[in-house]
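The values are calculated or read from the model by the stated rules, or taken from the named source; none is laboratory data. In this text the structure is predicted, and so the values were computed from the model without any measurement. Backbone-built Cβ (ideal geometry, glycine too); neighbour counts: all protein chains shown. Just so you know, the surface numbers come from the protein's heavy atoms only, side chains and all, with ligands and any DNA or RNA stripped out. Shrake-Rupley method; radii C 1.70, N 1.55, O 1.52, S 1.80 Å.
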Amino acid sequence: MTPEETIGLGLVAFGAGAFGGMFGLGGGIILVPAMKEWFHLPTEKVVAASLIGIVATSIASSLVYLKRDLVDLSLANRLLLMTVIGSVAGAWIGKMLFNQAAGERVLAGLFAVIIIAAMFFLFRRKEADDGNASDDLRVQPAAYGSVFGGGVISSLLGVGGGIINVPTITILVGAPVRVSMATSAFMIGVTAASGSAIYLMHGSVDPTVAGPTLLGLFLGAQVGARTSRYVSGKGLRLSFCVVLLYMLFLQGRRALGVG
Amino acid sequence: MSAESKASRVILLIGLAAGLLVFLIGGGLAHTGHLGPGTAVAFVGLWVLVCTPLAALVAGAFKTNRLEFRRAVFTLLVLAAGLFLGLKK
């Protein structure tokens with residue numbers, strides 16, 4: 001990569017992290033399509049770099065949530081086994097699908113579905129309620145299947161999987177939204193770490209791509225999380241939706257084979 | 001803050017700082033012409049970063065109770081098996 005491309009990649013990652021950080025979403029949902037479209041990088045490298053960036057942002061947000069005692073570590077521990085299995089499975093499936101025309105189209109289609117889910121999540125999300133981690137939460141069997149799917153999606157597409165984790169913990173486990181978001185943030189780190197480890201061992205990580213992505217996403221998420229309270233909610237949400245719609249267009253085009 | 005949250009937090013804090021620092025040192029070395037050693041150091045930084053959430057999970061479980069600790073170790077063993085099988089393929 002040229003120095004200009006490295007700087008450009010870092011700036012795109014920063015923007016994706018900032019936008020994502022304002023809404024409690026990882027930046028991966030913007031970053032992955034942008035990296036593929038604008039920098040023409042192979043999917044494998046993009047996914048691996050995005051996952052490493054997500055590990056760093058998850059650690060940073062978990063630090064805050066753990067300090068407030070909002071992460072239900074016991075619940076995370078129970079769910080993470082299935083998530084990690086899903087993450088390993090996702091990385092294996094990814095290795096089969098990456099860099100093949102049909103596989104890439106399937107991935108783009110799946111990504112488009114996740115973007116639509118993110119937009120739905122953005123507008124239907126309940127406000128964070130009060131409540132801390134508690135011991136009397138019952139995990140319904142469907143929750144294990146759901147977080148397994150979250151793990152697969154995370155490693156396959158290079159996103160955090162919070163879109164799946166948060167509703168799962170809220171609806172199928174019955175935890176307060178605030179606890180769900182905090183526990184999900186912690187789980188995303190472990191999930192992305194599992195996927196990253198596989199990509200690292202397979203030599204899919206290019207430090208020249210992962211470096212600017214990691215730093216940009218990490219710094220952007222910090223800025224996004226801190227500035228969200230100063231920016232008008234409705235306008236911000238709409239602008240984020242416009243960005244997501246553009247990403248949806250890019251992925252839809254790829255899925256249909258016209259991009 | 002509960003003991004388990006504190007344990008996880010300490011590991012996350014140390015891992016994040018160490019991982020980023022080592023990665024930046026590697027990037028700096030590569031930038032000054034030492035491409036081979038720089039890349040190797042950068043990879044060490046990435047591995048430190050990647051292992052941090054896993055270590056935090058185990059640390060938190062260790063402080064909770066024995067059952068949680070066993071569960072966390074089992075999760076890590078499953079991941080290790082996945083890595084091993086993936087490498088053999």
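Of note:
- Selection within the stretch A:58-79: residues that are polar (S, T, N, Q) and closer than 22 Å to residue A:23 by Cα. The member of this set that is nearest to the chain's Cα centre (by Cα) is A:58.
- Within the stretch B:35-45, not a single residue is over 15 Å from residue A:207 (Cβ atoms), part of a helix (DSSP H, G or I) and touching a residue at least 24 places away in the same chain (Cβ under 8 Å).
- Scan of the stretch B:3-21 for residues that are without any contact (Cβ under 8 Å) to a residue 40 or more places away in the chain, surrounded by fewer than 18 Cβ atoms within 10 Å (Cβ to Cβ) and facing chain A (nearest Cβ under 9 Å), ordered by number: B:13
- Residue among A:55, A:32, A:46 that is within 14 Å of the chain's Cα centre (by Cα) and within 14 Å of chain B (Cβ to nearest Cβ): A:55
- Taking the conditions (1) within 21 Å of residue A:251 (Cα to Cα); (2) part of a loop (DSSP other than H, G, I, E, B) in turn, residue A:71 satisfies each one other than (1).
- Of everything listed in (1) open to solvent by 70 Å² or more (accessible area, probe 1.4 Å); (2) assigned to a loop (DSSP other than H, G, I, E, B), the single unmet condition for residue B:71 is (2).
- Residue in the stretch B:70-79 that is more than 9 Å from every other protein chain (Cβ to nearest Cβ), more than 19 Å from residue A:91 (Cβ to Cβ) and touching a Phe, Trp or Tyr at 6+ places or on another chain (Cβ under 8 Å) present: no
Per-residue answers, yes or no, for (1) surrounded by fewer than 23 Cβ atoms within 10 Å (Cβ to Cβ); (2) touching a residue at least 40 places away in the same chain (Cβ under 8 Å):
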{"residue": "A:173", "(1), (2)": "yes, yes"}
{"residue": "A:176", "(1), (2)": "yes, yes"}
{"residue": "A:180", "(1), (2)": "no, no"}
{"residue": "A:185", "(1), (2)": "no, yes"}
{"residue": "A:190", "(1), (2)": "no, yes"}
{"residue": "A:194", "(1), (2)": "no, yes"}
{"residue": "A:197", "(1), (2)": "no, no"}
{"residue": "A:200", "(1), (2)": "yes, yes"}
{"residue": "A:209", "(1), (2)": "no, yes"}
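- Single residue of A:105, A:68 found to be open to solvent by 10 Å² or more (accessible area, probe 1.4 Å), among the basic types (Lys, Arg) and more than 10 Å from every other protein chain (Cβ to nearest Cβ): A:105
- Enumeration of residues in the stretch A:245-259 that are surrounded by 14 or more Cβ atoms within 10 Å (Cβ to Cβ) and in a loop (DSSP other than H, G, I, E, B): A:259
- When the residues of the stretch A:80-92 are filtered to those that are at the interface with chain B (Cβ under 10 Å from one of its Cβ atoms) and under 25 Å from residue A:17 (Cβ atoms), the one that is surrounded by the most Cβ atoms within 10 Å (Cβ to Cβ) is A:87.
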